[in-house]
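> Attaching a single structure in structure tokens format; questions to follow.
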Amino acid sequence: MQLADRLTPLQANVFADMDRAKAKARAAGLDVTDLSLGSSDLPTPAPVLDTIARSLQDPATHGYLLFHGTGAFRRAAAQWYERKFGVPVDPETEVLPLIGSQEGTAHLPLAVLNPGDFALLLDPGYPSHAGGVHLAGGQIYTMPLLAENNFLPVFEDVPIPVLEQARMMVLSYPHNPTTATASIDFFKQAVAFCDQHNLVLVHDFPYVDLYFEGSPPPSVLQADPQKRVSIEFFTMSKSYNMGGFRVGYAIGNPKLIRALRQVKAVVDFNQYLGILNGAIEALSGSQEAVAQAVETFRQRRDAFVDALNRIGWQVPRPQAAMYVWAKLPDPWAINSMQFAIDLVEQTGVAVAPGSGFGKSGEGYVRFALVHDPSILETAVERIAEFMKSKR
Ligand SMILES: Cc1ncc(COP(=O)(O)O)c(C=O)c1O
């Protein structure tokens with residue numbers, strides 16, 4: 001059997017290697033503390049679960065759902081957005097429901113790129129951004145994110161020949177994995193740059209609510225209120241702890257929304273209506289659970305960063321998202337994958353190697369704050385013993 005060449009770039013997957021290392025640690029009897037995946041351990045809010053449970057009993061929710069049937073969800077998303085960011089959104093033409101935001105960002109390149117066109121992506125960045133470009137037969141130009149630039153890309157560094165063949169740029173702030181945030185001025189520059197070079201500006205915005213200090217993270221559409229070049233992706237996975245339910249939405253330029261809808265119409269029939277009903281409850285009801293989740297992540301962040309600093313591993317206190325992005329000390333800085341594999345196999349503490357997010361992620365590891373402070377502190381004790389034994 002011969003499979004498609006486009007699978008080749010999808011084969012390297014450090015998360016599969018980490019999965020094997022975790023299994024090995026479990027088989028050896030270690031108690032695994034998994035800080036390698038950004039899957040929230042917090043429960044979905046009860047009113048959301050109640051709504052989904054009621055929907056389950058209603059046979060009218062059991063069939064295929066065409067786009068026209070998603071109107072109530074699109075209106076809830078548009079109103080949620082307008083309340084938060086003050087930019088008007090037309091729920092008919094500017095909102096698209098998604099089966100998780102990853103699905104949307106991975107399908108969008110099929111609607112934007114012709115084979116060989118470039119997409120400008122962040123490095124390090126979320127792996128499915130690159131995966132979607134590969135599936136669409138596009139080329140990737142990675143924009144390195146460096147600590148000295150506050151993990152923001154330098155647009156002027158993109159070579160002209162690349163720009164001439166580029167059709168889209170993907171940003172995502174608060175950023176996974178670096179936790180960096182971006183200002184509205186940065187987004188204004190991005191919009192001007194994309195306008196100038198005829199690029200679609202994609203903003204993946206899962207951590208819209210997860211910020212701990214200062215003003216709320218801006219939406220790219222605040223910098224492009226006419227939605228001339230931009231499309232933004234939102235998820236219910238983070239703010240409302242609904243990762244397993246697979247529901248998100250895109251808001252943006254109507255031509256892009258329609259194009260993505262055309263791609264998706266070939267692929268799926270939308271999320272189950274009962275889950276969309278739950279998402280409407282989440283977006284329209286009390287936001288108290290969101291505030292509580294932020295408080296929980298803040299406490300975990302403080303406990304974890306303080307514990308790392310106590311063992312002499314100095315890491316910055318993240319302002320947003322649910323991760324800690326830590327520069328590895330020597331001798332591990334040259335191989336984050338080896339550090340992650342040795343650490344989990346010897347201590348049971350699983351972390352994500354920075355190299356899994358792109359080559360500029362090498363030298364770092366990402367900790368996901370998906371456990372309570374006491375478990376995080378015990379993990380740091382195990383990390384300290386591991387490091388001492390290797391020095
Ligand atoms: C940047 C980014 N985009 C998308 C996702 C996935 O979101 P969803 O569950 O909506 O597919 C994540 C999850 O961690 C993420 O960090």
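The values are calculated or read from the model by the stated rules, or taken from the named source; none is laboratory data. A quick note: this is a predicted structure, and the numbers were derived from the prediction, not measured. Note: ideal-geometry Cβ built from the backbone for every residue, glycine included; neighbour counts use all protein chains shown.
> Using the structure shown, decide if G69 is of a type in the set (G, A, S), outside any loop (DSSP other than H, G, I, E, B), in contact with a helix residue (DSSP H, G or I) (Cβ under 8 Å, 6 or more places away or on another chain) and over 17 Å from K255 (Cβ atoms). Don't jump to the end; show me each part of the working.
On the way: of a type in the set (G, A, S): yes; outside any loop (DSSP other than H, G, I, E, B): yes; in contact with a helix residue (DSSP H, G or I) (Cβ under 8 Å, 6 or more places away or on another chain): yes; over 17 Å from K255 (Cβ atoms): yes.
It is true that G69 is of a type in the set (G, A, S), outside any loop (DSSP other than H, G, I, E, B), in contact with a helix residue (DSSP H, G or I) (Cβ under 8 Å, 6 or more places away or on another chain) and over 17 Å from K255 (Cβ atoms).
> Which of the following residues is in the same structural domain as D117 (by TED's automatic domain parsing) and more than 16 Å from the ligand (Cβ to nearest atom): D209, D224?
When all the criteria are applied, what remains is D224.
> Continuing with this model, one more query. Regarding region 145-154, can at least one residue be identified that is in contact with a Pro (Cβ under 9 Å, 6 or more places away or on another chain) and more than 21 Å from W325 (Cα to Cα)?
Within region 145-154, none of the residues are in contact with a Pro (Cβ under 9 Å, 6 or more places away or on another chain) and more than 21 Å from W325 (Cα to Cα).
> If T179 satisfies every condition in (1) under 23 Å from Y364 (Cβ atoms); (2) buried (at least 18 other Cβ atoms within 10 Å of the Cβ); (3) more than 16 Å from the ligand (Cβ to nearest atom) but one, which is the exception?
Among (1) under 23 Å from Y364 (Cβ atoms); (2) buried (at least 18 other Cβ atoms within 10 Å of the Cβ); (3) more than 16 Å from the ligand (Cβ to nearest atom), the lone unmet condition for T179 is (3).
> Determine the pairs where a residue that is in contact (Cβ under 8 Å) with a residue 24 or more places away in the chain and on the phi > 0 side of the Ramachandran plot, located within region 79-108, has a partner that is assigned to a loop (DSSP other than H, G, I, E, B) and within 13 Å of the ligand (Cβ to nearest atom) with Cβ atoms under 8 Å apart, the partner being 6 or more residues away or on another chain.
Filtered contacts from region 79-108: G100/S237; G100/R246; G100/V247.
> Next up: Based on what the data block shows, is R75 more than 13 Å from L273 (Cβ to Cβ), out of contact with any helix residue (DSSP H, G or I) (no Cβ under 6 Å at 6 or more places or on another chain) and of a type in the set (D, E, K, R)? Before the answer, list the steps.
On the way: more than 13 Å from L273 (Cβ to Cβ): yes; out of contact with any helix residue (DSSP H, G or I) (no Cβ under 6 Å at 6 or more places or on another chain): yes; of a type in the set (D, E, K, R): yes.
Taking the combined requirement at face value, the residue satisfies it.
> Among the numbered conditions (1) surrounded by 19 or more Cβ atoms within 10 Å (Cβ to Cβ); (2) out of contact with any Lys or Arg (no Cβ under 9 Å at 6 or more places or on another chain); (3) free of Cβ contacts under 8 Å to residues at least 60 places away in the same chain, tell me where F118 comes up short.
Among (1) surrounded by 19 or more Cβ atoms within 10 Å (Cβ to Cβ); (2) out of contact with any Lys or Arg (no Cβ under 9 Å at 6 or more places or on another chain); (3) free of Cβ contacts under 8 Å to residues at least 60 places away in the same chain, the lone unmet condition for F118 is (2).
> If you don't mind, there's one more thing I want to ask. Considering every residue within region 32-49, establish whether at least one is modelled with pLDDT of 95 or more, among the aliphatic types (A, V, I, L, M), touching a Gly at 6+ places or on another chain (Cβ under 8 Å) and in a loop (DSSP other than H, G, I, E, B).
Within region 32-49, one or more residues are modelled with pLDDT of 95 or more, among the aliphatic types (A, V, I, L, M), touching a Gly at 6+ places or on another chain (Cβ under 8 Å) and in a loop (DSSP other than H, G, I, E, B).
Yes or no, residue by residue, for (1) touching a Pro at 6+ places or on another chain (Cβ under 6 Å); (2) surrounded by fewer than 17 Cβ atoms within 10 Å (Cβ to Cβ); (3) outside any helix (DSSP H, G or I); (4) of a type in the set (S, T, N, Q):
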| site | (1), (2), (3), (4) |
| --- | --- |
| G312 | no, yes, yes, no |
| D330 | no, yes, yes, no |
| F339 | no, no, no, no |
| L343 | no, no, no, no |
| Q346 | no, yes, no, yes |
| G356 | no, no, no, no |
| H371 | no, no, yes, no |
| S374 | no, yes, no, yes |
